[in-house]
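Here's the structure we're looking at; comments come further down.
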């Protein structure tokens, strides 16, 4: 996990706006105020850590559901863009309207390119919003000591702080 935290994780604007960072901040506030530089000597209550991860997972899931709906809408827009490009091709081939057909196809292909890029961003955001809570759930299931709880919590706080920093 430490090697992964060296990379700055960023969410797109669509995903950042859908995560309720205030609720996550509120639930992690006490844990953050009691932390030491490396989590040394800090006693972390396992139930408190589980509650923090539960709230974060709920917030990430809510944002994920919203992104899935947005992805469905964008899929229809991609299909519409492909249809308009095909109409432009038909204008050129059947009606010999080269300029209107080329303009129609060109505009549609430009929109298609932008939509595909945006869908790629949304897919990356969806993967991050699914994998972050899952990774910590697995880590929590393997934890045996308070020091490990502390280390996992510190890693989680660092990761969500990275996502929040990328928000501004």
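Nothing in this text is a laboratory measurement; each read-out follows from the coordinates by a stated rule. Being a predicted model, the structure only gives us computed values, none of them experimental. For neighbour counting, all protein chains shown are included, and Cβ atoms are generated from backbone atoms with ideal geometry for every residue, glycine included.
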Output for the range 100-168 (equivalent-ellipsoid semi-axes, sqrt of 5λ from the C-alpha gyration tensor, Å, descending) is 44, 13, 4
Note: residue 90 to residue 74 extended length (0.36 nm per residue) minus current alpha-carbon separation gives 3.3 nm
Quotient of Cα radius of gyration and Kirkwood radius for the range 44-93, i.e. Rg/Rh, equals 1.52
In whole Å, largest first, the alpha carbons of the chain cover along the principal axes 78, 27, 25
Calculated from DSSP helices alone, with each H run of at least 4 adding -39500 (n - 2.57) and the total divided by the residues of the chain, [θ]222 nm to the nearest 500 comes to -28000 deg cm²/dmol
Full extension between residue 119 and residue 83 adds, at 0.36 nm per residue less the Cα distance, a length in nm of 11.2 nm
Full extension between residue 107 and residue 43 adds, at 0.36 nm per residue less the Cα distance, a length in nm of 17.1 nm
In this structure, the FRET efficiency calculated for residue 22 and residue 50 from their beta-carbon separation, with R0 = 22 Å, to the nearest 0.05, is 0.60
